[in-house]
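All remarks here apply to the structure that follows.
The values are calculated or read from the model by the stated rules, or taken from the named source; none is laboratory data. None of the values given here were measured: they were computed from a predicted structure. Here Cβ is always computed from backbone atoms with ideal geometry, including for glycine, and neighbour counts include all displayed protein chains. Surface accessibility is based on the protein's heavy atoms, side chains included, excluding ligands, DNA and RNA. Shrake-Rupley method; radii C 1.70, N 1.55, O 1.52, S 1.80 Å.
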Amino acid sequence: MILKFGKKLFSALPTLFGVSLFAFLLIRLAPGDPVLTLLGERGADPEVYQQMKQSLGLDKPMYQQFFIYLGDLMQLDLGTSIHSKQSVWSEFISRFPATMELSIMAIIIAIIVGLILGVVAALYKGKFIDTILMSSALVGYSMPIFWWGLVLILIFSSHFGITPVAGRMSALYEVNTVTGFYLIDSWFSDNPVRVFNQALRHMILPAIVLATIPMAAIARMTRSSLLDVLKEDYIRTAKSKGLSSVYVISKHALRNAFMPILTVMGVMFGTLLTGAILTETIFSWPGIGKWILNAVQARDYPVIQGGVVLIALIIFVINSLVDFLYIVVNPRLRK
Amino acid sequence: MTWSKILKKFKSHRGGQVGLFFIAVFVLIAVFAPALAPYDPSQLHEGVLRLPPIWSSSSQAAFFLGTDDIGRDLLSRLIYGARISIGTGFFVVFISFSIGVFLGLLAGYFGGKFDALISRFVDILMSLPSILIAIVIAAILGPNLVNGILAVSIVALPGFIRIVRSTVMSEKEKLYVQAEKNFGAGHSRILFKNILPNCWGPIIVQSTLAFSDGILNVAALGFLGLGAQAPTPEWGVMLADYKPYMESSPWLVTLPGLCILIVVLAFNLLGDALRDILDPK
């Protein structure tokens, strides 16, 4: 089993190499001179131009640039942001917990609500509730989340005034960074209950927005795989033994319906990071999605290049963890 | 499956019919936009800034859905927006379909090194969030509608390549292909005359879903300022433009977003129905 897992890790290396190459080439194949773009249209001083070109390493031939870049990558040296002058890695690390906390919150909401909706819809198959739930799921699945965020802000922030509009924390409170997760860190602050309350209020809308599409997908998947399982003989046996339907569903059916659901969840994490870019922009959430979008808008090439590689790496690690979970849950895959 | 059989199944599929109906409505709006729109979408009307829609008490009958921050008629802008959205969806599907199906056919049929290369390319595109790739490509090519469509088409490629490749791989082992080969048919005849016609089901389903994804992604690019640019009445751009006024004039952000949702939903409904009918698993 470990061997199989190791093989899988190894087989992903070419893809990661490809992503690195993709990020490298993309910036160099862009029309226009990146140095000129960075220095602006005013027509730079030739000396400043040369200096800039040298500091970016763009004065060497392309293949040399690529090997230098790969070598640095191996040592986790992703270069320095042109705008903030900080290393790309430290910028990434300082923003990563914000995105992670939001994503975890979103996936928890998506799993709990999605599972419940899916089970209820399956139990009432063909009835009115089923139609309503599955129609809502399709609406959720088709949602332009950048608009959904604005609608929720209009309702809950502007109209009812119960949630803040932007950011992770109100300026009145200070959070001592311990884990980087504000819901945890708030307990180490001077006023734990209030700070926790603030952190939760800031998080709830972006988490709902981010959870919407995965929630809909999980609900649809749960319903269909549960319906498949409910046709099986062992379910009929369990029912004919006189077991209650709650027991049959939770003990027999859900456990076997779980495999396809888990697959959806694995795929969903990539979707979640896609959503994070849009969600973080709407809610000014200081995470990696907003970070990379700002870098794209400011043409901060080292950040784009490093950010793309790091995001691919995160998705790869998470997908591997899901695969691992897969094997743990399903003994048939262990051979 | 014959046409009459497909039609018969479609007649009992309510969701698919609703989807098709809304698609037809939006396509008609897109085609007849100049005739339907009460005004030119970029015409500025003096003295009517951010006028609310007809159901509000302070509205004017001349502007059914009100006006925007500089006095343009919102209904006319939304109608022309349908043109852009349906158009972008069409071009995204056209580009990704032509290239994706072609590459998928070759990769699945010939296998070997070419297949390995194509599969690697697909892996790379799949290992990153689609909107991130689209954002980076659109930003680097330069933010405008055409580059946005190109970027989103690239992102849509893997879906087509994968589905065609796997279908071809299972088809080419079948007896009729072997028979055709023994009769001395050339590669292109086998590929396009024998194998491709048997792949249409999944390809049509994929095209419908790519349509909705394409519309959604191009709108997202517009919203982020990396797709169509400001005076263009594109729904995503309109959302970003009207965001500063959303508290005082909520209809300005509500309506364009609703249009995006309805169109995307319609294509997903149709896609679901077609999957049930053409590609049952």
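Residue by residue, here is whether (1) in contact (Cβ under 8 Å) with a residue 60 or more places away in the chain; (2) open to solvent by less than 30 Å² (accessible area, probe 1.4 Å); (3) of a type outside the set (Lys, Arg); (4) assigned to a helix (DSSP H, G or I) holds:
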{"residue": "B:29", "(1), (2), (3), (4)": "no, no, yes, yes"}
{"residue": "B:40", "(1), (2), (3), (4)": "no, no, yes, no"}
{"residue": "B:45", "(1), (2), (3), (4)": "no, yes, yes, no"}
{"residue": "B:57", "(1), (2), (3), (4)": "no, no, yes, no"}
{"residue": "B:70", "(1), (2), (3), (4)": "no, no, yes, no"}
{"residue": "B:81", "(1), (2), (3), (4)": "yes, yes, yes, yes"}
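Given the condition within 14 Å of another protein chain (Cβ to nearest Cβ), within 26 Å of residue A:266 (Cβ to Cβ) and not in a helix (DSSP H, G or I), answer yes or no: does some residue in segment A:157-167 qualify? Within segment A:157-167, not a single residue is within 14 Å of another protein chain (Cβ to nearest Cβ), within 26 Å of residue A:266 (Cβ to Cβ) and not in a helix (DSSP H, G or I).
When you check residue B:235 against the structure, is it open to solvent by 10 Å² or more (accessible area, probe 1.4 Å) and within 14 Å of another protein chain (Cβ to nearest Cβ), yes or no? Criteria not met by residue B:235.
Taking the numbered list (1) closer than 30 Å to residue B:37 by Cβ; (2) surrounded by fewer than 24 Cβ atoms within 10 Å (Cβ to Cβ) in turn, residue B:176 passes all entries but (1). Within segment B:124-141, being open to solvent by 10 Å² or more (accessible area, probe 1.4 Å) and either away from chain A (no Cβ under 14 Å) or in contact with a Gly (Cβ under 7 Å, 6 or more places away or on another chain) (or both) holds for one residue alone: B:124. The set of residues in segment B:256-266 that are under 14 Å from the mean Cα position of the chain (by Cα) and at the interface with chain A (Cβ under 8 Å from one of its Cβ atoms) comprises B:260, B:261, B:264, B:265. Does at least one position in segment B:125-133 carry a residue that is assigned to a helix (DSSP H, G or I) and without any contact (Cβ under 8 Å) to a residue 12 or more places away in the chain? Yes, that holds for at least one residue.
Within segment B:86-123, the set of residues being within 14 Å of chain A (Cβ to nearest Cβ) and in contact with a Ser or Thr (Cβ under 6 Å, 6 or more places away or on another chain) comprises just one member, B:123.
Pairs are defined by a Cβ separation below 7 Å, a sequence spacing of at least 6 or placement on different chains, a first member in segment A:279-307 that is within 9 Å of chain B (Cβ to nearest Cβ), and a second member that is buried (at least 23 other Cβ atoms within 10 Å of the Cβ) and assigned to a loop (DSSP other than H, G, I, E, B); the pairs so defined are A:281/B:224; A:293/B:224. Just to be sure before I move on: is residue A:246 more than 12 Å from every other protein chain (Cβ to nearest Cβ) and open to solvent by 40 Å² or more (accessible area, probe 1.4 Å) in the structure I sent? For residue A:246, the condition - more than 12 Å from every other protein chain (Cβ to nearest Cβ) and open to solvent by 40 Å² or more (accessible area, probe 1.4 Å) - is met.
Here is a yes/no grid of residues against (1) over 24 Å from residue A:265 (Cβ atoms); (2) open to solvent by 70 Å² or more (accessible area, probe 1.4 Å):
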| position | (1), (2) |
| --- | --- |
| A:86 | yes, yes |
| A:91 | yes, no |
| A:98 | no, no |
| A:105 | no, no |
| A:109 | no, no |
| A:113 | no, no |
| A:117 | no, no |
| A:121 | no, no |
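One residue stands out in segment A:243-279 among those that are within 11 Å of the chain's Cα centre (by Cα) and among the hydroxyl-bearing types (Ser, Thr, Tyr): the one that is nearest to residue A:204 (Cα to Cα), namely A:279. Of the residues making up segment B:102-121, those that are of a type outside the set (Phe, Trp, Tyr) and open to solvent by 10 Å² or more (accessible area, probe 1.4 Å) are B:103, B:106, B:111, B:112, B:113, B:115, B:116, B:117, B:118, B:119, B:120.
Among the residues of this structure, residue A:180 does not count as one that is of a type outside the set (Phe, Trp, Tyr), open to solvent by less than 70 Å² (accessible area, probe 1.4 Å) and under 27 Å from residue B:210 (Cα atoms). Cβ-Cβ distances below 9 Å connect the following pairs, each with a first residue in segment B:173-186 that is in contact (Cβ under 8 Å) with a residue 12 or more places away in the chain and under 19 Å from residue B:199 (Cα atoms), a second residue that is open to solvent by less than 60 Å² (accessible area, probe 1.4 Å) and assigned to a helix (DSSP H, G or I), and a separation of six or more residues or different chains: B:176/B:194; B:177/B:171; B:177/B:190; B:177/B:194; B:177/B:195; B:180/B:190; B:180/B:194. Exactly one residue among B:42, B:59 is of a type in the set (Ser, Thr, Tyr), more than 23 Å from residue B:267 (Cα to Cα) and touching a Gly at 6+ places or on another chain (Cβ under 8 Å), and that residue is B:59. Please determine whether any residue of segment B:89-99 is open to solvent by 80 Å² or more (accessible area, probe 1.4 Å) and at pLDDT below 90. No, segment B:89-99 contains no residue that is open to solvent by 80 Å² or more (accessible area, probe 1.4 Å) and at pLDDT below 90.
Out of A:76, A:58, one residue alone is buried (at least 16 other Cβ atoms within 10 Å of the Cβ) and in a loop (DSSP other than H, G, I, E, B). It is A:58. Residue A:317 meets each of the listed conditions (1) in contact with a helix residue (DSSP H, G or I) (Cβ under 9 Å, 6 or more places away or on another chain); (2) open to solvent by 10 Å² or more (accessible area, probe 1.4 Å); (3) of a type outside the set (Lys, Arg) apart from (1). Within the option set B:188, B:249, being within 12 Å of chain A (Cβ to nearest Cβ), surrounded by fewer than 24 Cβ atoms within 10 Å (Cβ to Cβ), over 29 Å from residue A:137 (Cβ atoms) and among the small types (Gly, Ala, Ser) holds for one residue only, B:249. For the subset of segment B:59-68 comprising residues that are within 18 Å of residue B:258 (Cα to Cα) and not polar (S, T, N, Q), which member is most open to solvent (accessible area, probe 1.4 Å)? Within segment B:59-68, the match that is most open to solvent (accessible area, probe 1.4 Å) is B:64. With respect to the conditions (1) at the interface with chain B (Cβ under 9 Å from one of its Cβ atoms); (2) touching a residue at least 40 places away in the same chain (Cβ under 8 Å), residue A:274 lacks only one, and its number is (2). Checking every residue in segment B:194-206 against the condition of being at pLDDT 90 or above and of a type outside the set (A, V, I, L, M) gives at least one match. May I ask you to verify whether residue B:170 is over 19 Å from residue B:197 (Cβ atoms) and polar (S, T, N, Q)? Here the answer is no, as residue B:170 does not meet what is asked.
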